[in-house]
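**Q** Take this structure first; my questions come after.
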Amino acid sequence: MDLIIILHAGVATGTVILFATLGELITERSGVMNLGVEGMMLLGAMAAFGIANSTGNAWLGLLVAMFAGGVLAILHGIVVIQFRADQVVSGLSLTFLGTGVSLVLGEGLSDAGGVALLPAFDIPLLSAIPVIGPIMFANQSILTYLSYLLVPMIWYYINRTRPGLHLRAVGEYPAAADALGINVFRQRYLYVFIGGMLCGLAGAALSLAISPGWFSDKTTAGLGWIAIGLVIFAQWNPIRAALGSFLFGALRRLILDIQGPMVLFGVLRNPFFYDPYLGFFLQMLPYAFTIIVLVIGSREAMRKRLGAPAALGIPYVRGERGA
Amino acid sequence: MVNRKHLFWIIALVLIVPVLVSCGQAAPAEEEAAYQIPDIEEGMFNVAFVYIGPHDDGGWSQSHDVGRQYVQDNVDGVHTAYVEIVAEGADSEQVIRSLARKGFDLIFTTSFGYMDPTETVAGEFPDIDFVHVSGYKANGTNFGNVMGAMEDMKYLAGMLAGSRAKLDGNPRIGYMATFPIPEELRLGNAFALGMKVTCPECTMDVRWINTWHDPVIEKEAAASLFDAGVQVVFTGADTPASADVAEEKGKWGITYDYYGSCKSDACLTAPYWNWGPIYADITERSMAGEYVGGWEYFDAETGGLGLYGFMEGEEPMPGVADLPAEDVQLVKDTLAAMLAGDFDRFDVFSGPITDNQGNEIIAAGKSFVQADLDQFPPGAEGLECEYCMYWWAEGVTAELPELE
């Protein structure tokens with residue numbers, strides 16, 4: 001059991017969770033909750049793998065996946081922004097819709113072999129840094145490196161730019177934003193679309209890089225739901241989202257690696273080697289963690305302190321007093 | 001602000017949905033409406049199949065769908081149909097009952113959790129035959145079960161893996177095991193016994209993944225084993241992760257369930273299910289009114305089991321080509337004996353067998369009986385086992401806790 005290997009794997013798997021978490025985070029910062037992450041990811045995974053299979057171009061697959069995720073999210077946008085329907089119900093339906101569409105369009109893809117995938121490589125110089133290098137900059141997917149750039153960019157955009165200020169305004173106090181001449185509807189559509197694109201990207205990262213292949217509705221295996229919980233854990237902050245995602249990824253790998261050695265730290269008799277049934281307990285941990293985060297995050301006082309967007313989940317109606 | 005009601009639902013969903021997803025159910029709220037019950041064709045003998053996963057999952061369910069197509073193509077006067085992604089438990093009972101009401105003459109249910117629902121519906125429709133795959137119940141009339149001795153093929157795959165690891169100079173094998181149940185111990189031990197035939201110095205590491213089908217976890221488990229230093233990984237789960245990761249690492253993998261899963265050049269072989277002949281045989285018996293619901297467990301001579309690269313019309317995978325000729329010949333000869341009916345699961349599990357604690361499990365000249373193969377000690381009442389399946393074969397680096 002090597003901690004560097006575990007963290008390396010955590011960053012790889014975490015990349016998928018991270019893209020989805022960032023997508024949901026941006027969407028929620030604009031005041032719209034989209035629980036359809038799993039559906040958008042599945043559609044993205046299917047589209048990316050299908051296009052890469054038929055055209056031989058993984059990058060084209062990636063672009064189509066992002067577009068597909070965005071289009072699916074726009075459906076949610078029309079329902080909740082235009083028609084002001086319940087965001088929870090619509091988001092959930094989106095999961096089913098995305099799953100169904102992916103299964104139908106992905107018919108036969110599970111048999112595809114030799115599909116063009118996205119490359120993984122070392123970053124020169126950076127990979128030579130002790131500890132950090134072998135974890136973050138050695139043999140990671142190009143999408144993982146992309147996520148290192150994306151996280152600070154999104155943080156800077158939200159917190160330090162004028163369009164980012166508008167994004168926060170429509171999420172916190174849409175009536176005031178509207179009075180300032182910001183088109184609340186257009187803003188929310190935009191960020192719902194971008195959020196969907198990032199979820200599509202998360203799906204593409206799965207099927208073309210992190211665990212390549214199309215395994216129908218099992219492809220995403222619940223990662224989208226973890227992303228939704230992580231948004232709260234991250235307090236709607238992209239940098240914390242990155243830490244959380246990589247941590248969750250590492251936890252998933254730790255569960256497996258800890259079964260290997262008979263002795264831990266040179267002295268402790270390793271209970272996970274001697275009793276396979278303990279694995280169930282370990283596998284529960286990420287979900288237990290998600291539950292705790294959601295329970296804490298659901299207390300209103302706590303939510304305020306965590307920094308939830310004040311208008312999250314509330315449809316905006318022009319002329320009415322905003323929340 | 002999101003109000004409290006919403007938050008309740010969000011929490012409920014985040015808690016419930018991953019569980020449902022991991023159980024193979026597509027949607028909690030869809031209920032029966034989600035399942036499209038197919039129509040029968042008048043004048044034909046109508047056969048329905050119920051799958052736990054999608055029909056093209058690349059693994060277990062797809063192997064059954066290949067079997068369904070075989071029945072469709074090879075049995076005259078038959079119409080086949082399937083319902084996929086059916087959750088075990090109450091949902092499956094509704095689906096099975098709906099199929100029976102529609103007028104299907106024979107219904108195959110292909111997941112362990114369909115056993116009790118199938119039994120219930122079979123009692124309501126005595127004129128229809130029901131066959132459950134992978135369970136152990138039967139009613140002596142129109143409800144029976146069927147399963148195969150995959151341990152035969154795992155034993156042969158173990159020989160190939162051992163041969164490969166020895167040739168590569170790294171005598172370590174990895175087993176990605178699903179759940180700690182008798183079946184997974186049986187298949188793992190059969191593999192280990194095969195491994196010891198060609199590579200006495202080989203050892204086997206184990207990772208429990210607690211799922212039958214999760215592409216991400218399976219890939220990580222394969223990586224976990226390769227990073228720990230093993231040369232060949234074989235799997236008890238559905239996806240080709242063992243071979244895919246092997247290709248990345250320059251090692252070898254062995255896939256499972258479906259013949260199409262052995263695609264990568266790093267794949268040595270795949271022990272796979274060939275349900276076609278089994279289903280065709282049962283269908284013909286049912287058409288003739290001769291099906292008696294009992295307990296059927298087939299070995300390799302029925303044609304229901306395959307070892308990819310070694311069956312008729314298949315080419316050996318590249319990783320097998322440069323193995324020592326005597327090892328490959330031994331695999332071929334043993335397979336030929338299995339196909340001829342001269343070598344079966346009880347020959348795989350015959351003494352002397354020693355466990356990894358140094359205890360003798362069974363003495364030379366004796367062999368296991370069925371009750372030993374699929375039960376933990378002490379076995380079911382009236383079906384007690386003498387040797388049982390709660391041990392790891394010599395060479396396996398893993399432990400089991402004391403049974404209480």
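**Q** For B:S163, are the conditions met, namely being more than 12 Å from every other protein chain (Cβ to nearest Cβ), in contact (Cβ under 8 Å) with a residue 12 or more places away in the chain, of a type in the set (S, T, Y) and assigned to a helix (DSSP H, G or I)? Please lay out each step first, then the result.
**A** Numbers: more than 12 Å from every other protein chain (Cβ to nearest Cβ): yes; in contact (Cβ under 8 Å) with a residue 12 or more places away in the chain: yes; of a type in the set (S, T, Y): yes; assigned to a helix (DSSP H, G or I): yes.
Spelling it out, B:S163 is indeed more than 12 Å from every other protein chain (Cβ to nearest Cβ), in contact (Cβ under 8 Å) with a residue 12 or more places away in the chain, of a type in the set (S, T, Y) and assigned to a helix (DSSP H, G or I).
**Q** Considering region A:218-240 alone, what residues qualify as being in contact with an Asp or Glu (Cβ under 9 Å, 6 or more places away or on another chain), at the interface with chain B (Cβ under 8 Å from one of its Cβ atoms) and in a helix (DSSP H, G or I)?
**A** A:K218, A:L223, A:W225, A:I228
**Q** For region B:219-227, state whether one or more residues are basic (K, R), part of a helix (DSSP H, G or I), within 14 Å of chain A (Cβ to nearest Cβ) and closer than 21 Å to B:G319 by Cα.
**A** The answer is yes; a qualifying residue exists.
**Q** Mind checking which residues of region A:6-36 are farther than 28 Å from B:E248 by Cβ and assigned to a helix (DSSP H, G or I)?
**A** A:E24, A:L25, A:I26, A:T27, A:E28, A:R29
**Q** Also, quick follow-up: On the given criteria, is A:P212 over 22 Å from A:G36 (Cβ atoms) and in a loop (DSSP other than H, G, I, E, B)?
**A** yes
**Q** Check off (1) closer than 30 Å to B:G174 by Cα; (2) crowded, with 16+ Cβ neighbours inside 10 Å for A:M262 and give me the number that stays unchecked.
**A** (2)
**Q** For region B:189-218, which positions are outside any loop (DSSP other than H, G, I, E, B) and more than 10 Å from chain A (Cβ to nearest Cβ)? It would help to see each step written out before you state the result.
**A** If we filter region B:189-218 for residues that are outside any loop (DSSP other than H, G, I, E, B), which is where we start, we get B:189-198, B:203-208, B:215-218.
Across region B:189-218, the qualifying residues are B:N189, B:A190, B:F191, B:A192, B:L193, B:G194, B:M195, B:K196, B:V197, B:T198, B:T203, B:M204.
**Q** Looking at B:A337, B:A371, B:A380, can you tell me which residue is among the small types (G, A, S) and closer than 17 Å to B:N189 by Cβ?
**A** On inspection, the qualifying residue turns out to be B:A371.
**Q** Checking B:K263 against (1) more than 29 Å from A:A250 (Cβ to Cβ); (2) facing chain A (nearest Cβ under 8 Å); (3) over 18 Å from the mean Cα position of the chain (by Cα); (4) assigned to a helix (DSSP H, G or I), which single condition isn't satisfied?
**A** Here B:K263 meets the rest and fails (4).
**Q** Return only the number of the condition from (1) over 18 Å from A:H8 (Cβ atoms); (2) more than 11 Å from every other protein chain (Cβ to nearest Cβ) that A:L243 does not satisfy.
**A** (1)
**Q** Right, next: Out of region A:106-139, which residues are of a type in the set (S, T, N, Q) and out of contact with any helix residue (DSSP H, G or I) (no Cβ under 7 Å at 6 or more places or on another chain)?
**A** A:N139
**Q** On to the next question. Quick one: how many residues across region A:40-88 are of a type in the set (V, I, T) and under 20 Å from the mean Cα position of the chain (by Cα)? Steps first, answer last, please.
**A** Restricting attention to region A:40-88, the residues satisfying the condition of being of a type in the set (V, I, T) are A:51, A:55, A:64, A:71, A:74, A:78-81, A:88.
Now narrow it down to the ones that are under 20 Å from the mean Cα position of the chain (by Cα): A:64, A:71, A:74, A:88.
Of the residues in region A:40-88, 4 are of a type in the set (V, I, T) and under 20 Å from the mean Cα position of the chain (by Cα).
We did not get these values from a lab; they are worked out from the coordinates using the rules stated. All values reported here derive from a predicted model rather than from experimental measurement. Here Cβ is always computed from backbone atoms with ideal geometry, including for glycine, and neighbour counts include all displayed protein chains.
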